[in-house]
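Read-outs: derived from the displayed coordinates by stated rules, not from any lab. Source: prediction; values computed, not measured. Cβ: placed from backbone, ideal geometry, glycine included. Neighbour counts: every protein chain shown.
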């Protein structure tokens, strides 16, 4: 049926010398079973407030005494465009490197240790899922004490958010000489 979009079925049947009578035949037993099972799947899905996906729909059908495979349930749900609700949160990338600029040199050579306070600070940004959406958190840590020396929270992941955390650390600690290390995002 791939050429059905380009050529009428009657024209293809004439060209291939095939009788078009196959279109008038009754649905097969498998097609009827699929239709009945799809309606049962719709009922189970609707009974779950449209939240159940394939595993739970199948479990519910099995509880009703219907013997059915996972793949068949998945195929029928896909064909009927029935989907469950995913409670998983979307993945957020918090590091966006600028491909045009060269990364800053690694002054600590991946050795995160300090002999005293305010010698080495590390910074990072992450996101925190909330019911209202994501909030972003930028943090500056003193490696020697493992203490948060600066932080900032915002609704968007921006450079200003990171600078606010660094400025808080600088105002509170007033270091003489400090190495600030980040993932360069």
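A compact table of results
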item: Least to most buried among 170, 163, 61 (fewest other Cβ within 10 Å first); result: 163, 170, 61
item: Residue 156 versus residue 51: modelled label distance in nm, points set 7 Å from Cα along the beta carbon direction; result: 3.4 nm
item: Normalised convex hull volume, region 2-79, alpha-carbon set, Å³ per residue; result: 128 Å³
item: Cα shape, the chain, gyration tensor, a/c 1.5 rule; result: prolate
item: Sorted by Cβ density within 10 Å, fewest first, the residues 51, 37; result: 51, 37
item: Helix 70-79 axis, angle to the chain major axis (alpha carbon atoms, nearest 10°); result: 80 degrees
item: Among 12, 168, 54: highest mean-square fluctuation, GNM of the chain, C-alpha pairs under 10 Å; result: 12
item: Stretchable slack from residue 6 to residue 171, in nm (0.36 nm times residue separation minus alpha-carbon distance); result: 52.3 nm
item: Gaussian network model of the chain, Cα within-10 Å springs - most flexible of 172, 17, 64; result: 17
item: Cβ-based exposure ranking for 83, 173, 147, in which fewest neighbours within 10 Å come first; result: 147, 83, 173
item: Sites residue 28 and residue 131 - FRET efficiency at Förster radius 45 Å, r taken between beta-carbons, to 0.05; result: 0.40
